[in-house]
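Peer 1: This is the structure I have questions about; it appears just below.
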Amino acid sequence: MDLFLHLWVMIFIYTIFAMSLNLEMGYTGLFNFGHVAFFGIGAYVSALLTLHQVPFEFALVAALLAAGLLGFLLSIPSLRLRGDTFGIATLGFGEIIRMVFQNEVWLTKGPMGLPGIPKPVLFSYRFATLPQYLLLTLGFSVLTFLVLRIIIRSPLGRAFKAVREDEVAAVALGKNIFHFRIKSFVIGSVLAGLAGTLWGHYTTFISPGDFTLLETILVLLIVVLGGKGTELGPLVGAVVLIFFQESLRFLRLPAEWSRYLAPLQQMIFGSLLIFLMIYRPEGLLREKGAGR
């Protein structure tokens, strides 16, 4: 039963993480390869504040503001780039943030990580048990879904899609594509920070090794598998991939086999991503109107 609840907690956290990237990549066409940086920023800011006795409500708001602010600061120079250069710039930012976590020992304890992160207390209610944390992550997942649904179905969301589909046409219609990209990037960064905050308080221990490029590849694969630019795609992709990833942790394999699990998992995820991009780029769910 605990394994089942754990799986769904992780699924809902990664659904939020994937929805944040789906807004940038699926709806606005921004391939952000440093998205895990904002996941880590949310986790570290909230963890550090709550470890210093700051109430979780304030720590959560601070984590979201920090992720959004850094997303805004990164977006100004990086969004002037196009294609591969934008992806490389965001990838570099992700590595810079990880190295900050790694080297600023006075603040983050470096490679030793931050243990003992308290469970969240929201409006005097402590989410300490698995069923309670499942309700918390479910609630934030539903809230994130509803907020993004409102955004995507609003004129702002239609502008995001216009920028993704045809920049020249969007400019001809008087749209400032740079400003719309910034808005998408900042909103996505804030939501990634939310996912990181929930993850950090769930695991109660974080370290720089948790926020590598592999995490970005995982959430990218979730978005691609579920279906870019679809409302339910992130949930579908998270159910499939997180169930597979987390189930492997509980397999009772011989000790000599355990060291091969992580490399094998990376090979499987990489191969699946290549396969999807070539043979099923629309994912399991197809965006409405796509391919017509």
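The values are calculated or read from the model by the stated rules, or taken from the named source; none is laboratory data. Note that the coordinates shown come from a computational prediction; the quantities given were computed from them, not determined experimentally. So basically every Cβ, Gly included, is an ideal-geometry build from the backbone, and we count neighbours across all protein chains shown.
Peer 1: Hey, can you tell me all the residues within the range 117-158 that are small (Gly, Ala, Ser) and in contact with a Ser or Thr (Cβ under 9 Å, 6 or more places away or on another chain)?
Peer 2: Of the residues in the range 117-158, the ones small (Gly, Ala, Ser) are 124, 128, 139, 141, 154, 157.
Result: 141, single match.
Peer 1: Something else about it: Please go through the range 127-167 and give me each residue that is touching a helix residue (DSSP H, G or I) at 6+ places or on another chain (Cβ under 8 Å) and charged (D, E, K, R), ordered by number. Talk me through it step by step, then tell me what you get.
Peer 2: As a first pass, look at the range 127-167 and keep what is touching a helix residue (DSSP H, G or I) at 6+ places or on another chain (Cβ under 8 Å): 127, 130-131, 133-134, 136-138, 140-141, 144-145, 148, 151-152, 156-157, 159-164, 167.
Across the range 127-167, the qualifying residues are 161, 164, 167.
Peer 1: While we're looking at this one, here's another question. Quick one: is residue 142 hydrophobic (A, V, I, L, M, F, W, C), under 20 Å from residue 12 (Cβ atoms), part of a helix (DSSP H, G or I) and at pLDDT 90 or above?
Peer 2: Details: hydrophobic (A, V, I, L, M, F, W, C): yes; under 20 Å from residue 12 (Cβ atoms): yes; part of a helix (DSSP H, G or I): yes; at pLDDT 90 or above: yes.
Answer is yes for this residue.
Per-residue answers, yes or no, for (1) within 17 Å of the chain's Cα centre (by Cα); (2) buried (at least 16 other Cβ atoms within 10 Å of the Cβ):
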residue	(1), (2)
62	no, yes
70	yes, yes
78	no, yes
81	no, no
84	no, no
110	no, no
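Peer 1: Whether any residue in the range 224-233 is out of contact with any helix residue (DSSP H, G or I) (no Cβ under 8 Å at 6 or more places or on another chain) and not β-branched (Val, Ile, Thr) is what I want to check. Talk me through it step by step, then tell me what you get.
Peer 2: Residues of the range 224-233 out of contact with any helix residue (DSSP H, G or I) (no Cβ under 8 Å at 6 or more places or on another chain): none.
No.
Peer 1: I've got another one for you. For the range 61-98, enumerate the residues that are charged (D, E, K, R) and free of Cβ contacts under 8 Å to residues at least 40 places away in the same chain.
Peer 2: Step one: filter the range 61-98 for residues charged (D, E, K, R), giving 80, 82, 84, 95, 98.
Scanning the range 61-98 gives 82, 84.
Peer 1: So, residue 101, is that one surrounded by 15 or more Cβ atoms within 10 Å (Cβ to Cβ) and modelled with pLDDT of 95 or more or not? Spell out the reasoning first.
Peer 2: Working: surrounded by 15 or more Cβ atoms within 10 Å (Cβ to Cβ): yes; modelled with pLDDT of 95 or more: yes.
Yes: the conditions hold for residue 101.
Peer 1: For the range 106-133, give me each residue that is under 16 Å from residue 52 (Cα atoms) and either touching a Lys or Arg at 6+ places or on another chain (Cβ under 7 Å) or not in a loop (DSSP other than H, G, I, E, B) (or both). So that I can check it myself, show each step before the final result.
Peer 2: Our first condition is that a residue be under 16 Å from residue 52 (Cα atoms); within the range 106-133, this holds for 106-109, 113-121.
Those that are under 16 Å from residue 52 (Cα atoms) and either touching a Lys or Arg at 6+ places or on another chain (Cβ under 7 Å) or not in a loop (DSSP other than H, G, I, E, B) (or both): 106, 107, 108, 114, 119, 121.
Peer 1: Residues in the range 171-185: is at least one touching a Lys or Arg at 6+ places or on another chain (Cβ under 9 Å), farther than 23 Å from residue 41 by Cβ, of a type outside the set (D, E, K, R) and at pLDDT 90 or above? Please lay out each step first, then the result.
Peer 2: Step one: list which residues in the range 171-185 are touching a Lys or Arg at 6+ places or on another chain (Cβ under 9 Å), which gives 178.
Then keep just the ones that are farther than 23 Å from residue 41 by Cβ; that gives 178.
From the residues that got through so far, the ones that are of a type outside the set (D, E, K, R) too are 178.
Restricting the remaining residues to those that are at pLDDT 90 or above gives 178.
Yes, that holds for at least one residue.
Peer 1: Suppose we keep only residues that are under 11 Å from the mean Cα position of the chain (by Cα) and not hydrophobic (A, V, I, L, M, F, W, C) within the range 25-55. Which one would you say is surrounded by the fewest Cβ atoms within 10 Å (Cβ to Cβ)?
Peer 2: 34
Peer 1: With the structure loaded, tell me whether residue 89 is more than 16 Å from the chain's Cα centre (by Cα) and modelled with pLDDT under 95 or whether it fails that test. If you could, list the steps in order and put the result at the bottom.
Peer 2: Numbers: more than 16 Å from the chain's Cα centre (by Cα): yes; modelled with pLDDT under 95: yes.
Considered against the rule, which asks whether it is more than 16 Å from the chain's Cα centre (by Cα) and modelled with pLDDT under 95, residue 89 comes out as yes.
Peer 1: Continuing with the same structure: With the condition kept exactly as written, say whether any residue in the range 99-117 is touching a residue at least 24 places away in the same chain (Cβ under 8 Å) and among the basic types (Lys, Arg).
Peer 2: Taking every residue of the range 99-117 in turn, none turns out to be touching a residue at least 24 places away in the same chain (Cβ under 8 Å) and among the basic types (Lys, Arg).
Peer 1: Looking at this structure, is residue 175 free of Cβ contacts under 8 Å to residues at least 60 places away in the same chain and not in a helix (DSSP H, G or I)? Give the steps one after another, and end with the answer.
Peer 2: On the way: free of Cβ contacts under 8 Å to residues at least 60 places away in the same chain: yes; not in a helix (DSSP H, G or I): yes.
Against the criterion (free of Cβ contacts under 8 Å to residues at least 60 places away in the same chain and not in a helix (DSSP H, G or I)), residue 175 qualifies.
Peer 1: Tell me, which residue of the range 112-127 that is farther than 21 Å from residue 207 by Cα and loosely packed, with under 13 Cβ neighbours inside 10 Å is farthest from the chain's Cα centre (by Cα)?
Peer 2: From the range 112-127, those farther than 21 Å from residue 207 by Cα are 121-127; that's our starting set.
Among the residues that remain, those that are also loosely packed, with under 13 Cβ neighbours inside 10 Å are: 123-126.
Details: 123: 25, 124: 27, 125: 26, 126: 25 Å.
That would be 124.
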